[in-house]
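What follows is calculated from the coordinates using simple rules that are stated; it is not laboratory data. These numbers come from a predicted model, not from an experiment.
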Amino acid sequence: MTATASYYSEEHHLFREACRRFVAEEIAPHHARWEKEGKVDREAWRKAGEAGMLLTNIPVEYGGGGADFLTSAIFIEEMMGHVFTGPGFRLHSDIVAPYILNNASEDLKRHWLPKMASGEAIGALAMTEPGAGSDAAGIRTHARKDGDGWILNGAKCFIGNASRADWILVWATIDPSLGRAGHRAFFVEQGTPGLGSFKIEKKMGLKAYESTSFTLEDCRVPAANLLGGEESYQRRAGFKSAMGTFNAGRPAIAANAVGMGRAVLDEALVFARASGLLGDARVRDRLEHIARKLRLARLVYLRAGWLVDQRRPNIMEASMSKALGAAVAQEAATFGMELLGAVGGRGDHLIEKLYRDVKAMDIVEGTGEIQHIVMARHLVQLPSRD
Ligand SMILES: Cc1cc2nc3c(=O)[nH]c(=O)nc-3n(C[C@H](O)[C@H](O)[C@H](O)COP(=O)(O)OP(=O)(O)OC[C@H]3O[C@@H](n4cnc5c(N)ncnc54)[C@H](O)[C@@H]3O)c2cc1C
């Protein structure tokens, strides 16, 4: 399936070619091993950084590429459309880095963002806990002020890249009875005493993307590691800006989903042609249906991402892009499996792998159901719950 060419400038075309070369040379040869080992080589992060593939969306003064959302989307789709290792790199670039850019002190930004852009440092963001996923306001990890620092206690789960990250942005509460007003986010550097019990989660898909649970036991961090400073939380800005960042991340997840859907469609076409199924009008109709929906999902996420570039509100568009992209990609993968028949049941076809991988696109950054709730509230002009 060809991309919507009219949106691409000459720079975008060149960047897409560079992405394809990078994927072919640095990702594809290693990906099967990474899937077995459950993580991407650290060296690949550095190579991605060297090739200018990380933090494309972050201003040049902080070591980023200073490019637009479409540039990020190009990398995501090329990555997902070929070997599906994207989420690790992109979580780092599309969700963690913008959060730092919008909320950290100038010192922390200048220290960490250039290192993240070069692939020298990896960042993770830990909100989810056993018992607090969709209901992020219900986190129980506790933060207590202690002299000139903070003591953290609690547990997190399903956190991308956490065990290999140089630091984890940990969300905690100073008092659960305060709800969101009690939330604080802390930089916790790897090796801080009390941060440990890392356990890689076993997942049905996205196996080269490490998801980790860990605990914090009397884990002490300096006051300077409180993201944004206490004053921003007094104004309840902390939680709101976390949610604002998600609105930048959701179109990126939608791009991941569309990339996976494209890959399914490409593989389905190859399979249908080789097995003589293209002669069947019903099969052709269904392929066309998937291609059309993927094109639609791409247009919706491009609009949501363009609004991010313009720094304009995009709550509705971001949720719509995420809900639609994940749903269409899952529909594509289900169709792909139906087309394969018994071949899919063998468990060694790329479409079967995508069928397992794609479910995560519905879950992360707010499930599809949560996106529907956000959109419905927005539609009838109910205040958002943050
Ligand atoms: C691959 C992967 C990577 C992840 N990476 C990270 C990460 O890096 N950092 C991080 O913090 N988290 C991460 N997560 C966690 C993810 O954000 C949560 O899984 C997600 O928010 C859903 O929470 P939950 O799994 O606890 O499900 P729950 O919140 O328990 O939801 C279960 C089901 O109930 C539905 N539901 C919940 N509330 C409502 C409601 N009010 N109305 C209707 N339906 C509802 C949901 O849609 C879902 O279908 C990751 C998860 C996965 C699978």
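Checking a compactness column here: for the range 115-239, what do you get for Rg(Cα) / (2.2 N^0.38 Å), N being the number of residues?
It is 1.03.
State the extension gain, in nm to one decimal, for the chain segment bounded by Leu379 and Ala224, taking 0.36 nm per residue of separation less the distance between their alpha-carbons.
51.8 nm
Give me the tail of P(r) for the chain as a percent: Cα-Cα pairs with distance above 25 Å.
When every Cα pair of the chain is considered, 55 percent fall beyond 25 Å.
Mind pulling the per residue volume of the convex hull built on the Cα atoms of the range 1-64? Å³ is fine.
120
Find the percent of Cα-Cα distances in the range 269-349 that exceed 17 Å, and round it to a whole number.
Of all Cα-Cα distances in the range 269-349, 56 percent exceed 17 Å.
Relative to the compact globular guide of 2.2 N^0.38 Å, what is the alpha carbon radius of gyration of the range 250-386, as a ratio?
1.16
Under a 10 Å cutoff between Cα atoms, tell me which one of Ala329, Ala73, Ala121 has the largest fluctuation in the Gaussian network model of the chain.
Ala121
Quick one: Debye curve from the alpha-carbon atoms of the range 5-121 only, equal weights, vacuum; give me log10 I(q)/I(0) at q = 0.10, 0.13, 0.22 Å⁻¹ to two decimals.
-0.28, -0.48, -1.24
Starting from the Cα-Cα distance between Tyr7 and Arg140, subtract it from 0.36 nm times their residue separation and give me the gain in nm to one decimal.
So the chain would gain 43.4 nm between Tyr7 and Arg140.
From the helices alone, meaning DSSP H stretches of at least four residues, give me the mean residue ellipticity at 222 nm for the chain, per-run term -39500 (n - 2.57), in deg cm²/dmol to the nearest 500.
-16000 deg cm²/dmol
Which entries in Lys39/Lys199; Lys145/Lys199; Lys156/Lys203; Lys207/Lys353; Lys47/Lys353 show an alpha-carbon gap greater than 19 Å?
Lys145/Lys199; Lys47/Lys353
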